[in-house]
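Below is one structure, written out as structure tokens; comments come after it.
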């Protein structure tokens with residue numbers, strides 16, 4: 001598709017307003033991160049690829065639930081040495 005629009009002043013910067021019709025095909029919406037590529041006399045704006053992050057099926061509070069001094073095995077933790085602290 002091709003659209004004609006106008007670059008406007010926005011504070012000390014220039015702004016390009018993306019109308020509803022212009023936002024439909026690339027699926028732009030508020031908060032979408034974009035990549036802007038410029039060369040010679042053109043500019044290409046495209047949505048940044050969203051990398052899905054793996055989410056664990058539990059959270060920190062569930063992991064430490066029921067943890068206390070007796071069952072935490074704090075006595076088995078490695079102790080730092082003076083050599084490690086001064087490295």
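The values are calculated or read from the model by the stated rules, or taken from the named source; none is laboratory data. Since the model is a prediction, treat every value here as computed from it, not as a measurement. Here the Cβ is made from the backbone with ideal geometry for all residues, glycine too, and neighbour counts use every protein chain on show.
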Residue pairs, Cβ under 9 Å, 6 or more apart or interchain, first in the stretch 11-32 and touching a residue at least 40 places away in the same chain (Cβ under 8 Å) and at positive phi, second exposed (fewer than 10 other Cβ atoms within 10 Å of the Cβ) and not in a loop (DSSP other than H, G, I, E, B). List them.
none
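What are the residues in the stretch 44-81 that are part of a helix (DSSP H, G or I) and either modelled with pLDDT of 85 or more or surrounded by 10 or more Cβ atoms within 10 Å (Cβ to Cβ) (or both), if any? Give the derivation first.
As a first pass, look at the stretch 44-81 and keep what is part of a helix (DSSP H, G or I): 60-63, 74-76.
Scanning the stretch 44-81 gives 60, 61, 62, 63.
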For the stretch 31-43, name all the residues that are assigned to a strand (DSSP E or B) and more than 17 Å from residue 15 (Cβ to Cβ).
35, 37, 39, 42
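Identify, from the list 5, 86, 82, the residue that is touching a helix residue (DSSP H, G or I) at 6+ places or on another chain (Cβ under 8 Å) and either touching a residue at least 60 places away in the same chain (Cβ under 8 Å) or on the phi < 0 side of the Ramachandran plot (or both).
Values: 86 fails: touching a helix residue (DSSP H, G or I) at 6+ places or on another chain (Cβ under 8 Å); 82 fails: touching a helix residue (DSSP H, G or I) at 6+ places or on another chain (Cβ under 8 Å).
After applying the criteria, what remains is 5.
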